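Written below as structure tokens is the structure these notes are about.
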Amino acid sequence: MLMIRPILRTAAIAAAAALLAAVAGCGGDAADSGAKEIVYITDAPIGQNQFLQLGKTGTEQAAEQLGESARTYESTDEQSRRSNLEAAVQRRPTAIVLITYEFNDLVTEFAEKYPDQQFVLVDSCPAKIPPNLRCGTFKEYEPSYLLGVEAGLLDRSGHVGTVAAIDSAFFHRWSDAFAQGARSVNPQVTDTQLFVGGANAVGDPARSKELALTAIQSGVDQIYGVTGGGNGGVFEAASQNHVLAYGVDVNQCPQAPGVIVDNAIKRVDKVVLDLLTQIHQGRPGGTSTAFGLAEDGSTVTSLTADAAGSGCAILRHPDVLTRVRQVREDIIAGRITVPHKDN
């Protein structure tokens, strides 16, 4: 009996180890089988960032339409972006969807390292595009110009402003176009542009509010928030000072009813679906496509099919909307060209 117990214990341990190995083996097969899956990786925590949430929702919807499953990895910094990419490529998914300029260098590195893996990058694109990468960018300046037209027509002080995340060419595609649109209908309008900066430029509502208050104190009565997750601070400052505000990426009007006039919309869902469809159809990669008003990839909330239920303040001004619709048609037809900086 003294010998039986160790033998039984050894046998039990061996059996357990075999079971664990079998389970691990099943998990490994799922991870490495190349199952029909699309992985979405953010550059930062989704949190209150509606743009990153839109990317997640768009990827899930696209995956469903294409008969695949979807998985999301949220990053927090450069190292976690790299770690998430490493984890994603090990799963050998149909495609890996990345979002924002934070992935420009990493996607080039990983696309070259894993030439059989397909990548999609939304909202940015590296200078050199590997053949297994497809980029979808936006003509942010077109809907921003339309918002500027609204601001110029609704303006009372002759002074409009923007609080944007970073003082870079990319974010000037919003802020400059907003000012240009306002001046197109009111040449006397002056413009103030302030930038959040710092390590959390797209997720700092306190700093965004501080800058919005600074702009309002200088006389701005129409303010454009281009700070991602920080826009709540811009809207709060506008609400407290009876100033009109404008949002980005999604319909933000419900966040401050009567205060938010309209929003520059990015159809991330459409872009993701279009690019993933290209992969499913076996079409060549190494491409970058810009989505603007003509492509229905960029627009403003007031011109969407569900505008009536948006809660946007612009709906109280049908005469302004008539002007905005005409400007949109002029941009699409090439009668108006909105100057902009390259990324």
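The values are calculated or read from the model by the stated rules, or taken from the named source; none is laboratory data. Not measured: the values here are computed from a predicted model. Every residue, glycine as well, gets a Cβ built from its backbone with ideal geometry; the counts of neighbours run over all protein chains shown.
Listed values, structure above:
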quantity	calculated
Any hit, the stretch 141-153, residues being touching a residue at least 12 places away in the same chain (Cβ under 8 Å), buried (at least 19 other Cβ atoms within 10 Å of the Cβ), in contact with a helix residue (DSSP H, G or I) (Cβ under 7 Å, 6 or more places away or on another chain) and part of a loop (DSSP other than H, G, I, E, B)	no
Output for the stretch 107-136, where each listed residue is part of a loop (DSSP other than H, G, I, E, B) and without any contact (Cβ under 8 Å) to a residue 12 or more places away in the chain	127
Total residues in the stretch 213-261, condition within 20 Å of the chain's Cα centre (by Cα) and of a type in the set (Asp, Glu)	1
Residue in the stretch 58-71 that is under 26 Å from residue 231 (Cα atoms), at pLDDT below 95 and either buried (at least 17 other Cβ atoms within 10 Å of the Cβ) or more than 33 Å from the chain's Cα centre (by Cα) (or both) present	yes
Qualifying residue in the stretch 112-124 (condition: of a type in the set (A, V, I, L, M) and in contact with a Ser or Thr (Cβ under 6 Å, 6 or more places away or on another chain))	no
Some residue of the stretch 238-256 being touching a residue at least 60 places away in the same chain (Cβ under 8 Å) and polar (S, T, N, Q)	yes
Some residue of the stretch 106-116 being at pLDDT 95 or above, small (Gly, Ala, Ser) and either in contact with a Pro (Cβ under 6 Å, 6 or more places away or on another chain) or within 25 Å of residue 286 (Cβ to Cβ) (or both)	yes
Residue, farthest from residue 179 (Cα to Cα), within the stretch 191-219, restricted to residues that are hydrophobic (A, V, I, L, M, F, W, C) and assigned to a strand (DSSP E or B)	195
Every residue from the stretch 208-254 that is among the acidic types (Asp, Glu), in contact with a helix residue (DSSP H, G or I) (Cβ under 8 Å, 6 or more places away or on another chain) and on the phi < 0 side of the Ramachandran plot	210, 236
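Residue by residue, here is whether (1) outside any helix (DSSP H, G or I); (2) under 19 Å from the mean Cα position of the chain (by Cα); (3) surrounded by fewer than 17 Cβ atoms within 10 Å (Cβ to Cβ) holds:
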position: 279; (1), (2), (3): no, no, no
position: 305; (1), (2), (3): yes, no, yes
position: 314; (1), (2), (3): no, no, no
position: 322; (1), (2), (3): no, no, yes
position: 332; (1), (2), (3): no, no, yes
